[in-house]
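Engineer: Dumping the structure here so I can ask a few things about it.
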Amino acid sequence: MTRKLIIKNNIRRLRFFANEMTQLELSEKAGISRQTVVALEAGKYTPSLEMAFRIADAFGVSLEQVFERVTEENGSRQ
Amino acid sequence: MSYISKRNIASMVAGIALIVAYIIYATDANAPAAENLRAWAAAILVFIVIGIGIQILVQIMFHIALAIGIAVKKELKEGCKQGDESVERIIKSEMVEDERIKIIELKASRAGYWFMGLGVAAAFMVIASGAETVAALHVLFGMSALASVAEGVAGIIYHERGVK
């Protein structure tokens, strides 16, 4: 049985709690483009491990606090 | 629409302009004779150089227009003056080439390679079908120009749809 792995992120929420950090500020801190921040928040891109760590570092939190995995099996999420 | 998508559109417009210019040249009464392959090859080389020049010019003009556009938009929205630090920050951030942009460029270039490959195959088919050899040159040049347009279209699709 194959499991579909979906990686979700809490970037939007973390930005809000980081004194309403703007997408521009996050992109500068993480060294990525603002468009990539937009794509990440919209779930249109799953970053590499390096970029994921950079984003976590920008917020000063652990990787697990930024990204979480959701496994989908037979249409039901776990 | 993202900066990269707009840049791709500018690049595609330059590619289409080159195809149109070549068609005008090829169908002109003063165009070299079909048997004069040397003249046609030289003409295509000139068009390739012109194409590179147009691409560079379009990109420079696009970047200037983008910077002005962002500054004007910001000024209208927040009352910032041109040359303001925030405007420079936005422009700088838009131009960062991170891994996502590199992946999109790689995937988009695959579409271009497909068109180039098809162009080479089509050129051979044209010769095999008994048409004039110059027709194969036209097909090769046309498909290489179309390849750059296809690359632009693929880039826009990947940017707007996203890559996983």
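Engineer: Name the residue from B:Ala154, B:Met116, B:Gly15 whose Cα lies farthest towards the positive end of the charge dipole of chain B, charges +1 on Cβ of Lys and Arg and -1 on Cβ of Asp and Glu.
Structural biologist: Of B:Ala154, B:Met116, B:Gly15, it is B:Ala154.
Engineer: Right, another one. Can you find, among A:Leu24, A:Val61, A:Tyr45, the residue farthest towards the positive end of the dipole of chain A? Put +1 on the C-beta of Lys and Arg, -1 on that of Asp and Glu.
Structural biologist: A:Tyr45
Engineer: Near B:Lys107, which lysines are there with a Cα under 22 Å away, not counting those fewer than 8 places off in the same chain?
Structural biologist: Straight-distance partners of B:Lys107: A:Lys44, B:Lys6, B:Lys164.
Engineer: If you fit an axis through the alpha-carbon atoms of helix B:3-27 and take the longest principal axis of the Cα set of chain B, what angle between them do you get, 0 to 90°, nearest 10?
Structural biologist: 30 degrees
Engineer: Radius of gyration and Dmax for segment B:3-161's Cα atoms, expressed in Å?
Structural biologist: In Å, with Rg to one decimal and Dmax whole: 19.9, 67.
Engineer: Can I ask one more? Within 10 Å of each Cβ of A:36-45, how many other protein chain Cβ atoms are there on average?
Structural biologist: The per-residue average across the peptide is 4.
Engineer: Take peptide B:88-100, look around each residue's Cβ out to 10 angstrom, count Cβ atoms belonging to other protein chains, and average those counts.
Structural biologist: Averaged over the peptide's residues, the number is 6.
Engineer: Which net charge results when you count Lys and Arg as +1 and Asp and Glu as -1 among the other residues whose beta-carbon is under 14 Å from that of B:Val58?
Structural biologist: Summing Lys and Arg as +1 and Asp and Glu as -1 gives +2.
Engineer: To the nearest Å, what is the center-to-center distance of segment B:95-164 and segment A:1-65, using C-alpha atoms only?
Structural biologist: One Cα centre to the other: 33 Å.
Engineer: Let me ask another. Determine the relative contact order of chain B: mean sequence separation of Cα pairs under 8 Å and six or more apart, normalised by residue count, in whole percent.
Structural biologist: Relative CO of chain B lands at 37 percent.
Engineer: From Cα coordinates alone, what are the radius of gyration and Dmax values for the protein assembly as shown in angstrom?
Structural biologist: Here Rg and the maximum Cα pair distance are 23.6, 72 Å.
Engineer: Would you compute, from DSSP H runs of 4+ residues alone, the mean residue ellipticity of chain B at 222 nm, taking -39500 (n - 2.57) per run and dividing by the full residue count, rounded to the nearest 500?
Structural biologist: Mean residue ellipticity, 222 nm, calculated: -29500 deg cm²/dmol.
Engineer: Is there a quick way to get the dipole size of the protein assembly as shown? I mean about its Cα centre, with the Cβ of Lys and Arg at +1 and of Asp and Glu at -1; what is the value in debye to the nearest 20?
Structural biologist: Dipole magnitude for the protein assembly as shown comes out near 620 debye.
Engineer: Give me the dipole magnitude in Debye, nearest 20, for segment B:6-82 about the Cα centre, with unit charges on the beta carbon: positive for Lys and Arg, negative for Asp and Glu.
Structural biologist: Charge dipole, segment B:6-82, about its Cα centre: 480 debye, nearest 20.
Engineer: Another question, if that's okay. Longest exposed-loop-site-free stretch of chain B, with GluC sites (Glu not before Pro), DSSP loop and at most 15 other Cβ within 10 Å?
Structural biologist: Answer from the scan: B:36-96.
No lab work stands behind these numbers, since they all come straight from the coordinates. All values derive from a computational prediction rather than experimental measurement. A quick note on method: Cβ atoms are made from the backbone with ideal geometry, for glycine too, and the neighbour counts reach across all protein chains shown.
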